[in-house]
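**Q** Have a look at this one before I ask anything.
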Amino acid sequence: MRNLSKISTKNLSDAPFFYENWQAELADSLSDVGELYAYLGLDMPDGYYAPRGFGLRVPKAFADKMSKGSLKDPLLLQVLPDIQETILAVGYTHDPLAENDQNPAKGLLHKYKNRVLITATGACAVHCRYCFRQHFDYQANMPNREELVKIGEYISSNHQIDEVIFSGGDPLSLSHRRLLVWFEMMNALSNVKTIRIHTRLPVVLPNRVDQELLSLLKSSPKNIVMVLHINHPNEIDEVLANKCQLLRQAGVTLLNQTVLLKGVNDEVNTLCKLSHALFDMGVLPYYLHILDKVQGASHFDLPIARAVQIYWQLLENMSGYLVPKLVQELPNRPYKTPVNLHQ
Ligand code: SF4
């Protein structure tokens, strides 16, 4: 299944080895647009857009995967603030999935019947410009100790819940100590069969996958599923492949979700290359998402007819298990909605 020789080794020599730990590496992320231009050897434009709220944030390990000197780099396009974010596009909102109405307790979203979603932190290692939670009020939703107890009670008293999803912000940006608290709580709930972690951290800061994390995951009696978020094959290199191998050895099932983004990955060849690279490192392509209509991200959207056209070509060119499900999330639907391929 794995053929690591197919994976680029160009970044191995760049792997940061001089940080004390992943937190120190995270703290050294790029957070200034000018600094990112300089880091990538790009000429500074006369003016550039630097948003106030959801600012730039890019770990250097992720910036190292970008081509130097190219403003069109598909990884750069995902993180570089763009003046088009200020467009007030019709149909785009601050809460595209109406999540603000589905919080039975602070930090807990119950949108789907058998599973709940926990936003244990608002922090992310990287700020993706298309993120559907970029306006989410994490501060107002952050559970304190009391609410943590409430969350535990809510889950244990709802017996249809068998899966708990830790989602964005990025749960792996939590310290080991805080992650441990959450795991101890979930491990103790008998109706919880599976703990799922949605994360981009192993991709943008692979050193986050350290021995402490691997031991924590390995020691849990629950099924552990990790859903990575990789949009482009250039995000995959041997460093990440090695981390995925360690995660799988720790008993973690690895899946990937991708957001279809105009100008970044809206080509059949790119998506085929991505699926193959994922499979080579033991990760199954899971979802291909239509962009959620969040205010500020309309320039990444592409017509649904184009998405469907690309999808048929994926089906034509790859084995079924390499083709992720094409879905969109619609407000107040208790599932991800499969896109109608006959439109
Ligand atoms: S929640 Fe996920 S998509 Fe959103 S900014 Fe964080 S890492 Fe990116």
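**Q** What is the fewest-to-most order of LYS218, LYS72 by other Cβ atoms lying within 10 Å of their Cβ? Display every interim value, and only then the final one.
**A** Working: LYS218 14, LYS72 9.
Ranking LYS218, LYS72 by Cβ neighbours within 10 Å, fewest first, gives LYS72, LYS218.
**Q** Also, I was wondering about something else. Sorted from fewest to most neighbouring beta carbons within 10 Å, what does the list HIS299, HIS289, HIS176 look like?
**A** Final ranking by Cβ density, sparse to dense: HIS176, HIS299, HIS289.
**Q** Right, something else. Label ASP137 and ASN223 with points 7 Å out from Cα along Cα→Cβ: what is the distance between them in nm?
**A** Taking the two extended label points, one gets 3.6 nm.
**Q** Something else: Would you calculate, for the chain, the mean residue ellipticity at 222 nm contributed by helices, counting each DSSP H stretch of 4 or more residues as -39,500 (n - 2.57) and dividing by all residues, to the nearest 500?
**A** -8000 deg cm²/dmol
**Q** A further question on this structure: Quickly work out the LEU88-to-ARG177 label distance, labels modelled 7 Å from Cα along the C-beta direction, and quote it in nm with one decimal.
**A** So the label points at ARG177 and LEU88 sit 4.5 nm apart.
**Q** Of GLN134, CYS272, ALA188, whose Cα points farthest to the positive end of the dipole of the chain (charges on the beta-carbon: +1 Lys, Arg; -1 Asp, Glu; origin at the Cα centre)?
**A** Looking along the dipole axis, the top candidate is ALA188.
**Q** Do any of LYS193/LYS262; LYS68/LYS262; LYS113/LYS273; LYS72/LYS273; LYS68/LYS273; LYS193/LYS293 go past 30 Å between their Cα atoms, and which?
**A** From the list (LYS193/LYS262; LYS68/LYS262; LYS113/LYS273; LYS72/LYS273; LYS68/LYS273; LYS193/LYS293), the Cα-Cα distance tops 30 Å for LYS193/LYS262; LYS113/LYS273; LYS193/LYS293.
**Q** Taking the Cα atoms of the chain, what is the range of coordinates along each of the three principal axes, in descending order and whole Å?
**A** For the chain, the Cα extents along the three principal axes come out at 56, 49, 44 Å.
**Q** Residue separation times 0.36 nm, minus the C-alpha to C-alpha distance between LEU330 and GLU146: what's the value?
**A** Between LEU330 and GLU146, full extension yields 63.1 nm more.
**Q** Give me the distance in nm between label points sitting 7 Å out from Cα along the Cα-to-Cβ direction at ARG306 and TYR39, one decimal.
**A** So the two model labels end up 2.9 nm from each other.
**Q** Now, a different point. Farthest toward the dipole's positive end in the range 19-124, which of PHE54, LEU42, PRO104, given Cβ charges of +1 (Lys, Arg) and -1 (Asp, Glu) about the Cα centre?
**A** Working it through, the farthest residue towards the positive pole turns out to be PRO104.
**Q** Set the Förster radius R0 to 22 Å, insert the Cβ-Cβ distance between GLN245 and GLU316 as r into 1/(1 + (r/R0)^6), and round the FRET efficiency to 0.05. Please report the intermediate quantities before stating the final value.
**A** On the way: r = 31 Å, r/R0 = 1.41.
Given R0 = 22 Å and the Cβ-Cβ separation, E is 0.10.
**Q** Another question, if that's okay. Determine the distance separating the Cα centre of the range 98-149 from the Cα centre of the range 213-242; give it in Å without decimals.
**A** 21
**Q** What is the packing order of peptides 201-211, 30-40, 312-322, 250-260, taking the mean over residues of other C-beta atoms within 10 Å and listing the highest first?
**A** 201-211, 250-260, 30-40, 312-322
**Q** On to the next question. Note down the net charge around VAL164, summing +1 for each Lys or Arg and -1 for each Asp or Glu among other residues with Cβ under 14 Å from its Cβ. Write down the numbers at each step before the final one.
**A** Values: positive: LYS111, LYS113, ARG115, LYS193, ARG196, LYS222; negative: GLU153, ASP162, GLU163, GLU184.
That works out to +2.
**Q** Continuing with the same structure: What share of the DSSP beta bridges in the chain is antiparallel, in percent to the nearest 5?
**A** Expressed as a percentage, antiparallel bridges in the chain total about 15.
**Q** Okay, next question. R0 = 25 Å: FRET efficiency of LEU216 with LYS106, Cβ-based, nearest 0.05?
**A** 0.55
**Q** All other residues with a Cβ under 10 Å from the Cβ of TYR335 taken together, and with Lys, Arg as +1 and Asp, Glu as -1, what is their net charge? List each step's numbers first, then the result.
**A** Details: positive: LYS111, LYS113, ARG333, LYS336; negative: GLU329.
So the environment of TYR335 carries a net charge of +3.
**Q** When only Cα pairs under 8 Å and 6 or more residues apart are kept, what is the percent relative contact order across the chain?
**A** Numbers: 623 pairs, mean separation 66.6, N = 343.
Rounded, it is 19 percent for the chain.
Computed from the coordinates by the stated procedures, all read-outs in this text should not be read as laboratory data. All values reported here derive from a predicted model rather than from experimental measurement. Every residue, glycine among them, receives a Cβ derived from its backbone with ideal geometry; neighbour counts consider all protein chains shown.
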